[in-house]
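One structure is given here, and the rest of the page talks about it.
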Amino acid sequence: MNAPQQQKLTGVWQMAMLIAAVVLAYINIPNAGFISWDDADYVTNNPDIHSFANIGKWFSSFYIGNYHPLTMASYAIDYMIGGNAPMQYHITNLILHGGTTMLIYVFVNNIQGNKRVAFFVALLFAIHPVQTESVSWVAERKNVLSGFFFVWAMLVYTRYAGEEKKLTMLWVVLLGIAAMLSKATAVALPLSLLAIDIWLHRPLKQVKVWVEKLPLLLIALAVGIVAIKAQAAGEFLNEHPTNSFIETIAFAGYAYVQYILQLLVPAKLSVLYPYPTLSALQWIYTLIAAGIIILAVVAYRKQWYVLCGGIVFYTVNIVLVLQFVQFGEVLRADRYLYIACIGVWVPVVQYVFDWLGLKLKEITPIVVLTVVSLIFIVLTYQRNDIWQSEKQFWQAITVTFPNSAIAQSSLGGVYMKEGNYTTAQPYIDEAVRLDANNYKAWYNKGVLHLRKGELQEAATALDKSIAINEYPKALFSRALLHQQAGHPLQALEDVEKVLAAEPNNARAHFIKGNCLVQNGNYETAIASYNKAIAYGDGDPLFYLKRGEAHTQTRAYEAAIHDFSLVIEKKADNGEAWYWRGMAKQLAGQMPCHDLNKARNLGYKDAEQALVKFCNSY
């Protein structure tokens, strides 16, 4: 076997081992479920992914403060294949992650010309436990999809750097656009290409090296502006307005270094990393961060291209999430390392081979990196446990960061879903104590009191939530309270605000219809019920209430049709049988069979109706 054939066979075996490593590390994920943290908004409660007819909406809408139409398209494909079964979505995430791993292997081999280095860089990328947030969380599809296109663009760019053909660069731009339309953080691609130029020893003094990236940079700027608008629309910007400019610098420097440390020593990992109390530690880390940036300049001048390229790549991909523009409720998140970690692993693996291979035996770096990789596989497999259930997910965060109001409130919410209100209470109370301005915690507290029948306490908690932020869910719950208390006008005021924020909210349209019925405005109520049905999931209650409104407007045939639909969906609904009988009576038809059915199902009003209308039949 000649040398080229041997190299090809080595590549095939290494790729097979990479795939095996991904499968081994994530073998417990396909059977995991959804969690409420964004999965519902993106998938389980999102009718926008049910049809490709919504493609226009994907490109014109924001989803939870993000603009990522291609990600929504990928969810639609999953829905077309497997509906709302979580396994399909997890498998797609794993396929994308595995594909990105393969691309990184080829990419690193192209820039370093060393299959061993390429193998271990790709392996560490694939099986490091920080990646579980991107791979195992359905809602983070945007990261693995964007990462796939991002690395593919980098790989094609290595070919462009050698041949400098415009058509090849066009493919880089198209793949870059696909990455940005999957997740906006891919706007870092143009500057990431400069890091590749450094790795490939391209002369940065040449103007063409900068000009060739200008189209991609302009597209990135446009996408970046849209992304900021999306964050603002989702009310995720300026979550920490009390932080001064100097404090923001300190927290950014701390996060910059801490991300590197958690790659090298993946201890105390968490889905949420709350802002720490500002201390000398943050300033020390900021000085270290500044030193790393200075080191990149020194490394370039000394032609330490592997180190310089790595620092540049890591920096340009992490700087966007260092909270200079403050968004979200936490300082750091593991998912932000998904692509940025490549900038750390390339120099680390290269220098492990250079230093250990020269000072010790050639096999030493392979043994060391293999042992580290096996440890990472075990850690990743164990860390995937938190994605198996929502309770494990939030419990893990409360153990690591007990002072996280978000985690305490969310864990309480999980217990509420289970109907375990006694266990939920202390977690939600603790969340409010930790952060009195956490409107979601106050919302959970309101819902908890509502389910316990403590209406006054529920109203007080919901009022506090809404006073902090007019959270649609809190407004909706308060609207329910007002409606049940016989105050439809107050309920309408709240529900109109919900619909202003969420015009496709079927439940809100339904509650609006109920309020209008309470006011005797049946025609307008029918219009609201129509919207509830159009945006909803076929809830029989929507048809039942519209049928009752039709009965009040003497549209008896329409009412009978609605009640018949309810009975088709739920034949044991005594109320539907009763109202269809009444509508038939009013329309001059025979009601007795329906009224008798309603009585047999325990609907008491049917007994009097049978006496009144059926003695003559």
Given (1) touching a residue at least 40 places away in the same chain (Cβ under 8 Å); (2) within 30 Å of Ala441 (Cα to Cα), where does Ala405 come up short, assuming only one miss? (1)
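Only one of Ala40, Ala16 is without any contact (Cβ under 8 Å) to a residue 12 or more places away in the chain, closer than 22 Å to Val372 by Cα, in the same structural domain as Gln131 (by TED's automatic domain parsing) and not charged (D, E, K, R). Can you tell me which?
Working: Ala40 fails: closer than 22 Å to Val372 by Cα.
Just a single option satisfies the conditions, and that option is Ala16.
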Which of the residues that make up segment 417-440 are crowded, with 21+ Cβ neighbours inside 10 Å and touching a Leu at 6+ places or on another chain (Cβ under 8 Å)? Ala424, Tyr427, Ile428
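To keep it simple, each residue is scored yes or no on (1) at pLDDT 90 or above; (2) touching a Pro at 6+ places or on another chain (Cβ under 6 Å); (3) surrounded by fewer than 16 Cβ atoms within 10 Å (Cβ to Cβ).
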| residue | (1), (2), (3) |
| --- | --- |
| Val349 | yes, no, no |
| Phe353 | yes, yes, no |
| Val371 | yes, no, yes |
| Leu374 | yes, no, yes |
| Val378 | yes, no, yes |
| Gln382 | yes, no, yes |
| Asp385 | no, no, yes |
| Ser389 | no, no, yes |
| Ile397 | no, no, no |
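Tell me the residue from Asn66, Asn28, Asn93, Asn45 that is over 25 Å from Ala178 (Cα atoms), assigned by TED's automatic domain parsing to the domain that holds Val156 and within 19 Å of the chain's Cα centre (by Cα), please.
Asn45
Residue-wise test of (1) within 18 Å of Phe107 (Cβ to Cβ); (2) at pLDDT 95 or above; (3) not basic (Lys, Arg).
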{"site": "Ala153", "(1), (2), (3)": "yes, yes, yes"}
{"site": "Tyr157", "(1), (2), (3)": "yes, yes, yes"}
{"site": "Ala161", "(1), (2), (3)": "yes, no, yes"}
{"site": "Leu167", "(1), (2), (3)": "no, no, yes"}
{"site": "Leu174", "(1), (2), (3)": "yes, yes, yes"}
{"site": "Ala179", "(1), (2), (3)": "yes, yes, yes"}
{"site": "Val187", "(1), (2), (3)": "no, no, yes"}
Take the conditions within 18 Å of Asn530 (Cβ to Cβ) and either in a loop (DSSP other than H, G, I, E, B) or without any contact (Cβ under 8 Å) to a residue 12 or more places away in the chain (or both) and apply them to Ala571. Does it pass? no
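Any residue at all in segment 221-239 that's assigned to a helix (DSSP H, G or I), among the charged types (D, E, K, R) and closer than 30 Å to Lys142 by Cα?
Looking only at segment 221-239, we keep the residues that are assigned to a helix (DSSP H, G or I), and these are 221-233.
From what's left, among the charged types (D, E, K, R): 229.
Retained after the next criterion (residues that are closer than 30 Å to Lys142 by Cα): 229.
Taking every residue of segment 221-239 in turn, at least one turns out to be assigned to a helix (DSSP H, G or I), among the charged types (D, E, K, R) and closer than 30 Å to Lys142 by Cα.
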Among Met582, Met590, the single one that is in a loop (DSSP other than H, G, I, E, B) and of a type in the set (A, V, I, L, M) is Met590
Could you grab me the full set of residues in segment 94-120 that are crowded, with 19+ Cβ neighbours inside 10 Å and among the small types (Gly, Ala, Ser)? Gly98, Ala118
Taking into account only those residues within segment 150-191 that are farther than 18 Å from Leu221 by Cα and among the aromatic types (Phe, Trp, Tyr), which is surrounded by the fewest Cβ atoms within 10 Å (Cβ to Cβ)? Trp171
Which one is surrounded by the fewest Cβ atoms within 10 Å (Cβ to Cβ), of the residues in segment 450-490 that are among the polar types (S, T, N, Q) and not in a loop (DSSP other than H, G, I, E, B)? Gln456
Condition check: crowded, with 17+ Cβ neighbours inside 10 Å and within 28 Å of the chain's Cα centre (by Cα). Does Tyr256 satisfy that? yes
Does Tyr578 count as more than 22 Å from Thr524 (Cβ to Cβ), in the same structural domain as Gly513 (by TED's automatic domain parsing) and at pLDDT 90 or above? yes
Which numbered condition in (1) surrounded by 18 or more Cβ atoms within 10 Å (Cβ to Cβ); (2) within 18 Å of Leu331 (Cα to Cα); (3) of a type in the set (Ser, Thr, Tyr) is the only one that Ser244 fails? (1)
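Residue by residue, here is whether (1) hydrophobic (A, V, I, L, M, F, W, C); (2) in contact with a Gly (Cβ under 9 Å, 6 or more places away or on another chain); (3) more than 27 Å from Trp394 (Cα to Cα) holds:
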| position | (1), (2), (3) |
| --- | --- |
| Thr277 | no, no, no |
| Trp283 | yes, yes, yes |
| Leu337 | yes, no, no |
| Val349 | yes, no, yes |
Taking Arg332, is it at pLDDT below 95 and buried (at least 21 other Cβ atoms within 10 Å of the Cβ)? yes
Lone unmet requirement of (1) over 19 Å from Tyr300 (Cβ atoms); (2) modelled with pLDDT under 90; (3) among the aliphatic types (A, V, I, L, M) for Leu214: (2)
Evaluate the following for Ser410: is it touching a residue at least 60 places away in the same chain (Cβ under 8 Å) and under 21 Å from Glu470 (Cα atoms)? yes
Within segment 24-34, does at least one residue satisfy the condition of being touching a residue at least 24 places away in the same chain (Cβ under 8 Å), in contact with a helix residue (DSSP H, G or I) (Cβ under 8 Å, 6 or more places away or on another chain), closer than 21 Å to Lys473 by Cβ and surrounded by 16 or more Cβ atoms within 10 Å (Cβ to Cβ)? yes
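Is it the case that segment 279-288 has a residue that's hydroxyl-bearing (Ser, Thr, Tyr) and touching a residue at least 24 places away in the same chain (Cβ under 8 Å)?
Looking for residues that are hydroxyl-bearing (Ser, Thr, Tyr) and touching a residue at least 24 places away in the same chain (Cβ under 8 Å), one finds at least one in segment 279-288, hence yes.
The values are calculated or read from the model by the stated rules, or taken from the named source; none is laboratory data. Just so it is clear, the model here is predicted, and its values are computed rather than measured. Reconstructed Cβ throughout: ideal geometry from the backbone, glycine too, with neighbour counts over all protein chains shown.
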